[in-house]
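Undergrad: I'd like to ask you about the structure that follows.
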């Protein structure tokens, strides 16, 4: 499998783990905490599966891209607390960007001429 895919997926596993623990470390609760934990679990699991898979799994990259966009959207819904806003915004950019890069890095996306 492509090194870029493994690298992007590995970093997204770490980003997912950060999302899971960030509510506890940054001290936020309610929707913000639930959102971070649930999205973090999904991102971490999907990224781990993609990093360990030998088959093409572009769909995982696209799902994580959507989750990254969701984190960005929810950041603007939670602007009252700066820590929650920046955590969601930065992690959304990281997760979404790396997932899109991973999804479009599959050899099947770039056929040889």
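Undergrad: Kindly indicate the residue of the range 1-18 that is assigned to a helix (DSSP H, G or I) and out of contact with any helix residue (DSSP H, G or I) (no Cβ under 8 Å at 6 or more places or on another chain) and also surrounded by the most Cβ atoms within 10 Å (Cβ to Cβ) among those meeting that condition.
TA: 7
Undergrad: What number of residues in the range 19-52 are part of a helix (DSSP H, G or I), in contact with a helix residue (DSSP H, G or I) (Cβ under 7 Å, 6 or more places away or on another chain) and either under 17 Å from residue 93 (Cβ atoms) or free of Cβ contacts under 8 Å to residues at least 60 places away in the same chain (or both)?
TA: 21
Undergrad: Within the range 63-95, restricting attention to residues that are assigned to a helix (DSSP H, G or I) and loosely packed, with under 15 Cβ neighbours inside 10 Å, which residue is nearest to the chain's Cα centre (by Cα)?
TA: 66
No lab work stands behind these numbers, since they all come straight from the coordinates. Not measured: the values here are computed from a predicted model. A quick note on method: Cβ atoms are made from the backbone with ideal geometry, for glycine too, and the neighbour counts reach across all protein chains shown.
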